Amino acid sequence: MKPIIFIILDGLGDRPIKELNWQTPLEAAQTPNLDAMAQFGITGLIHTIERGIRPGSDVAHLSILGYDPRHYYSGRGPFEASGYGIQLQSGDIAFRGNLATTNDKFIVVDRRAGRIESSEPFAKLLNGIEIDQVKVIAKAGLNHRIAVVLRGPGLSDQITDVDPHLVNKPVLRCQPKNDSSQAKFTAAIVNKLIDHAHKLFKEHPLNKKRVKNKQPPANYLLVRGAGKLMNFKSFFEVYGLKSACIAGAGLYKGIARILGMEITDVSGANGKPDSNIVGKIKKAIELTKTYDFIFVHIKATDSLAEDGKFAEKMHFIEKIDDAIAPLLPFVKNRRLIVSVTGDHTTASDLRIHTADEVPILVAGFGVRTDHVEKFGERPCQRGGLGHIQGRNLIDFLINLRGESHLYGN
Ligand code: ZN
C-alpha cells in the first residue's frame, strides 16, 4: 500500500496584498516544486471546518484529521499539555499557561514576561503541589509557555480564563460558567493556585535578578483554554493507518499524541521561520518505510502572517518549496501520495485567521490529475477537487490507496 505524506502548512491561505501586486504570498512566491506537484496532481480549495467558520488551529487540525471538533473538543489545554509530554488521565482539567508580568495593581504589563528564556524554574515550583486534594501538574514549554493540569475528583472544564488576552488590562479571576458545584470548586482551585503562584514567583531569585536588570519579572501565571480530554479513538483504530508525526510546536505534537501517532524528533525543528524543514521532509521520506501516514506540520507560515509579515511569509513558502523537492521523484513515479494544504487562511493584512478557503493539492499514486499547473489560491479555484470539506480529506486519501471501507455491498 502506498504511504501518505500529509503536509500542513499552518495558515497557508492568505488574501491579495497590494504590495505583492494584489497577489497572495503563495501566488507571489516562486514555487517550481509545488507547481510541479500541482501538475502531477489534483487541486482544489478546502473548508477545514465549514464554509464561513473561522477556525482556530486546534479545531482545524482535528477536523482535517477526521475528528469532528463538535464531539472531540472542549478547550485547547489538553492538546498543549499532551504536546509538552504530560500523560493526561480521564477527569484531568488542562490549561495553556503563560508566565506574565503584572504591576502591583495586577495590571498585565507583559503577557509573556519579556519572552523569558525558560519557564522551567517556575514550573518546578508548582509541579506536584496539592490544593484541597487536587494535584497540580506543571510542565515548562518554550520560553514563557507552561502547561498546567489539575488532577483530582469533581473537577469541571466549565470555567473562564484568568488571562485577559491583552496588556494594560487587569488579570481576571477564574469564574464558573455554570451553577454546578464542580465548576465552582474548580474555579476556586484555579484562583488559589494563581495566588499561590504569584506569592512564590515574585520572591524567586531569578525574578529579583530580572528586576535588577530591568527585565520584566515572571511574577504571574496566566491560564486559559481549560479543557478535559475527550474519549478519542486512535487514528489507527479509525483508519487502520500506522501513523507518525513530525512537528516542532507543542499543540500539533499534542494532537498527534492524543490520536496515538508516533512522535518523532528532528533536530532544529522548532516551529519558527528558521526551523529545519529540509530535515523534516527527509525524515518523512525515511518514515514511509515504516508508517502508512506521516503528518508533517510546518508552523511559521501562520506566525509570519499573524505578525503582518507577508513578504517573509512569501519567502518562507519559497523555502518550503526548496525543501519538498526530494518528494518530486516519488510523486512522479506514483510511489506515494502527498497532500499539501493548510489548516486555515491567515490574512496578513488583518493579522488574523479568516474563514477563506485554503488551497490544497494531492499528488502521486491513484490521483486523477486536473489542468491546474500552479499552486495558489486562484489557480486552485479551477481544480478538480472543487471545494472539499476538511472532514472528508482523510477518506479521500485512503480511497487513493485503494483500501477504503466499502459502503453497501
Ligand atoms: Zn493554524
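The values are calculated or read from the model by the stated rules, or taken from the named source; none is laboratory data. Here the structure is a predicted model, which is why all the values come from computation and not from measurement. Every residue, glycine as well, gets a Cβ built from its backbone with ideal geometry; the counts of neighbours run over all protein chains shown. What goes into the accessible areas is simple: the full protein's heavy atoms, side chains included, and nothing from ligands, DNA or RNA. Shrake-Rupley method; radii C 1.70, N 1.55, O 1.52, S 1.80 Å.
Is it the case that some residue within the stretch 288-295 is exposed (fewer than 15 other Cβ atoms within 10 Å of the Cβ) and within 15 Å of the ligand (Cβ to nearest atom)?
no
Tell me which of these residue 255 doesn't satisfy, since it passes every other one: (1) in contact with a His (Cβ under 6 Å, 6 or more places away or on another chain); (2) open to solvent by 10 Å² or more (accessible area, probe 1.4 Å).
(2)
From the list 342, 376, 366, pick out the single residue that is under 16 Å from residue 36 (Cβ atoms) and either open to solvent by less than 10 Å² (accessible area, probe 1.4 Å) or touching a Leu at 6+ places or on another chain (Cβ under 7 Å) (or both). Lay out the reasoning, then the answer.
Values: 342 fails: under 16 Å from residue 36 (Cβ atoms); 366 fails: under 16 Å from residue 36 (Cβ atoms).
After applying the criteria, what remains is 376.
Which residues, counting only those in the stretch 138-153, are open to solvent by 20 Å² or more (accessible area, probe 1.4 Å) and closer than 15 Å to residue 186 by Cβ?
151, 152, 153
Among (1) touching a residue at least 60 places away in the same chain (Cβ under 8 Å); (2) closer than 12 Å to residue 143 by Cβ, where does residue 125 come up short?
(2)
Quick check on residue 119: is it modelled with pLDDT under 95 and open to solvent by less than 50 Å² (accessible area, probe 1.4 Å)? Before you say what the answer is, go through the steps one by one.
On the way: modelled with pLDDT under 95: yes; open to solvent by less than 50 Å² (accessible area, probe 1.4 Å): yes.
Judged against the criteria, residue 119 is a match.
Do we find that residue 75 is in contact with a Pro (Cβ under 7 Å, 6 or more places away or on another chain), at pLDDT below 95 and either more than 30 Å from residue 370 (Cα to Cα) or assigned to a helix (DSSP H, G or I) (or both) in this structure?
So residue 75 fails the test.
Considering only residues that are open to solvent by less than 20 Å² (accessible area, probe 1.4 Å) and not in a strand (DSSP E or B), look in the stretch 5-19 and name the one that is farthest from residue 334 (Cα to Cα).
14
Please work out which residue is farthest from residue 24 (Cα to Cα), limiting yourself to the stretch 296-321 and to residues that are open to solvent by less than 10 Å² (accessible area, probe 1.4 Å) and of a type in the set (Gly, Ala, Ser).
In this case the residue turns out to be 300.
Name every residue in the stretch 258-287 that is of a type in the set (A, V, I, L, M, F, W, C) and either open to solvent by less than 10 Å² (accessible area, probe 1.4 Å) or within 16 Å of the chain's Cα centre (by Cα) (or both), in order of residue number.
Applying the first criterion (of a type in the set (A, V, I, L, M, F, W, C)) to the stretch 258-287 yields 258-259, 261, 263, 266, 269, 277-278, 281, 284-285, 287.
Matches in the stretch 258-287: 258, 259, 261, 263, 269, 277, 281, 284.
Which of (1) in a strand (DSSP E or B); (2) more than 16 Å from the ligand (Cβ to nearest atom) does residue 46 not meet, given it meets every other one?
All conditions pass for residue 46, except number (2).
Residues that are within 16 Å of the ligand (Cβ to nearest atom) and more than 13 Å from residue 9 (Cα to Cα): which strands (runs of 3 or more DSSP E) entirely in the stretch 305-395 hold 3 or more of them?
Numbers: elements: 337-341, 345-347, 352-354, 358-364, 386-389.
Of the strands (runs of 3 or more DSSP E) lying wholly inside the stretch 305-395, those with at least 3 residues that are within 16 Å of the ligand (Cβ to nearest atom) and more than 13 Å from residue 9 (Cα to Cα) span 352-354.
Scan the stretch 388-399 for residues that are open to solvent by 20 Å² or more (accessible area, probe 1.4 Å) and in contact with a strand residue (DSSP E or B) (Cβ under 8 Å, 6 or more places away or on another chain) and jot them down.
Scanning the stretch 388-399 gives 389, 396.
What are the pairs, 6+ residues apart or on separate chains, where a residue within the stretch 47-70 that is in the same structural domain as residue 347 (by TED's automatic domain parsing) and open to solvent by less than 30 Å² (accessible area, probe 1.4 Å) has its Cβ under 6 Å from a residue that is acidic (Asp, Glu) and not in a helix (DSSP H, G or I)?
Close Cβ pairs (under 6 Å, with a partner that is acidic (Asp, Glu) and not in a helix (DSSP H, G or I)) amount to 47/357; 48/343; 57/343; 60/343; 61/343.
Counting only residues that are more than 16 Å from the ligand (Cβ to nearest atom), open to solvent by less than 10 Å² (accessible area, probe 1.4 Å) and not polar (S, T, N, Q), how many does the stretch 20-43 have?
Residues meeting the conditions: 5.
Restricted to the stretch 215-252, and to residues that are in a loop (DSSP other than H, G, I, E, B) and among the basic types (Lys, Arg), which residue is least open to solvent (accessible area, probe 1.4 Å)?
The initial filter retains those residues of the stretch 215-252 that are in a loop (DSSP other than H, G, I, E, B), namely 215-219, 229-234, 240-242, 247-249.
Those left that are additionally among the basic types (Lys, Arg): 233, 242.
Working: 233: 117, 242: 94 Å².
Checked the stretch 215-252; the qualifying residue least open to solvent (accessible area, probe 1.4 Å) is 242.
Just to be sure before I move on: is residue 91 part of a helix (DSSP H, G or I), in the same structural domain as residue 199 (by TED's automatic domain parsing) and more than 16 Å from the ligand (Cβ to nearest atom) in the structure I sent?
No.
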